[in-house]
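> This is the structure I have questions about; it appears just below.
Each reported figure results from applying straightforward, stated rules to the coordinates on display, with no laboratory input. Please read all numbers here as calculations on a predicted model, not as lab measurements. Ideal geometry is used to build each Cβ from the backbone, glycine not excepted, and the neighbour counts take in all protein chains shown.
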Amino acid sequence: MAKLTRRSFLTTGLAATATGAIASEARAEAPAGEPAPSDPLSVQAEVDGESLTFLVGPDTTALHALRAAGRTGVKEGCGHGACGACTIVRDARTTCACLLPATALQGAKVTTVHGLGAKGLHPVQRAFMAEDALQCGFCTPGFVVEAADWVDRWRAEHGDVEPTRDRVAAALAGHLCRCGAYVAIYRAVQGAAAGRYDAGDDVGPRKDGHAKVTGEARYTVDVQLPGMLHGAILRAPFARGRLQRLDLAAARSVPGVHGVIRLLEDGASIRYFGQEIAAVAADDEASAQAGLKALAPELESERPILGFEDAMAEGAPTIFPKRAHKQAPSAAEGFLPPAPWDESNVRGPFRSDWFSGHRKASDILDEASLTVEERYETQIQAHCTLEPHATVAQVHESGQIEVWASTQAVVQLVHDIAERFDVHERDIVVHADYVGGGFGAKAGITIDAVVAIELAYETGRPVRVVLS
Ligand code: FES
Ligand code: FES
């Protein structure tokens, strides 16, 4: 991967700034990160009591149309109907905005979390704050919209009778809270349905509770900067092989594309499905996807190594040759705790200094009065946050790098960026106002940050990269 420094930015990046600015004036105004309508259709809807007109394409979702219209409290978690973070009310029915074509908003009356609290908080919003029914808050707008609709209907039918916990759980079954705030969520909804939160100003223990229950909390995926571009990554379509050749020129000439960077050199190994090969920055998602398509890398696939047995078999190809061990990123490919790594694919055993000092596992076993030998296996477990990994990066003319990141470790990220891009730490600013979950997986510089910053250098414009 080409390593950009402050010096190379000052000699090449500022030229890109000038051309980027000229190009942007001549372009359509679809907000960065949202699909651009290739054949715009005009859709009119009443959203939160306001009459709005959307220009959308046939593939634009209601989620993207609403977010582009500033309703960023409508969250995109899974993007395919599994998490409920994007819930809205459309014509008196709750629905997932990510599964709804934007054209289905035509003539509709829509309520988002922003409309819910417009004339004073709904009892459900008060209850969520008072009962502390949230943590990161990324799932909260979806829960609140669904629960408010359900509570209103429940009370119309039953009065202030408290529903059972199971009843509430069934009503909210389409929603996931990765932080696991379910106990308090159900308690809050039961309380709201029983009329205990019709009034009052108990804001609960969380300073940011109000911002989260009203959808006003701005996460990294919600950041919009003037002139911001959408970054997208080309990934390996198979688990093992080689990048033979990649020509960036065709992608650079795609309309709407402002920058293309290579993330793998010609001849480099591909070690896993989805490995990053190159990235583009474009006006919108559609242009970015067209840019990725134009890249057309020449790839050579090889037999993948699947599972322990395959990896440890006699003569198994080595995924990481010894000299490349240090380049293995700790996320996914490497092993964070100290562990030896020989010439084969076997890494470890993990030296568990944290738990047992410097003693070897074999010594401990020798002293044991009873040993049980068994083999246990499990699938790979991956952290999953409702807010995806996301970074918005801007490189200022002064050379300062400004980053909005979904990160748990602001100071560490500053340090990592300084090292990776050869910039002094005082010239780096990292914002992380709200983080939609991390669980230990957002603790250092990840590929979204690297790509966003490199594309920002390349284009001279702010770039947002959101992993799916
Ligand atoms: Fe729509 Fe998850 S259900 S974003
Ligand atoms: Fe529910 Fe974080 S509070 S996902």
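> Under 5 Å between amide H atoms, partner at least 5 residues away or on a different chain: which partners does Val430 have, H built in plane at 1.01 Å?
Val403
> Only four residue types carry charge here, +1 at the Cβ of Lys and Arg and -1 at the Cβ of Asp and Glu. Report the dipole size of the chain about the Cα centre in Debye, rounded to the nearest 20.
It comes to approximately 260 debye.
> What size of dipole, in debye to the nearest 20, comes out for the stretch 84-208 about its Cα centre when the only charges are +1 on Lys and Arg C-beta atoms and -1 on Asp and Glu C-beta atoms?
Here the stretch 84-208 has a charge dipole of around 260 debye.
> Now, a different point. Residue farthest toward the positive end of the dipole of the chain, with Cβ of Lys/Arg at +1 and Asp/Glu at -1: which of Ala211, Thr407, His396?
Checking the options against the dipole of the chain, the answer is His396.
> Taking the chain, how many lysine pairs are there with alpha carbons less than 18 Å apart, if each pair must be eight or more places apart or span two chains?
4
> Rank-order 169-179, 103-113 by packing density, defined as the average count of other C-beta atoms within 10 Å over each peptide's residues, highest first.
Per-residue Cβ counts within 10 Å, averaged per peptide and sorted highest first, yield 103-113, 169-179.
> Let me ask something else about it. I'd like to compare 286-296, 137-147: which one has the highest average count of other Cβ atoms within 10 Å, and what's the full order after that?
So the order, starting with the most tightly packed, is 137-147, 286-296.
> Another question, then. Calculate, axis by axis, the spread of Cα positions in the stretch 152-273 along the three principal axes, and write the results as whole Å, longest axis first.
So the three principal-axis extents are 68, 37, 28 Å.
> Looking at the chain from every direction and averaging, what is the projected area of its Cα convex hull in nm²?
Computing the convex hull of the Cα atoms and averaging its projections yields 27.3 nm².
> Out of all Cα-Cα pairs in the stretch 409-468, roughly what percent, to the nearest whole number, are more than 17 Å apart?
More than 17 Å apart: 40 percent of the Cα pairs in the stretch 409-468.
> Right, something else. State the answer as a single residue: which of Ala288, His258, Leu63 lies farthest towards the positive end of the charge dipole of the chain, with beta carbon charges of +1 for Lys and Arg and -1 for Asp and Glu, about the Cα centre.
Toward the positive end, the furthest listed residue is His258.
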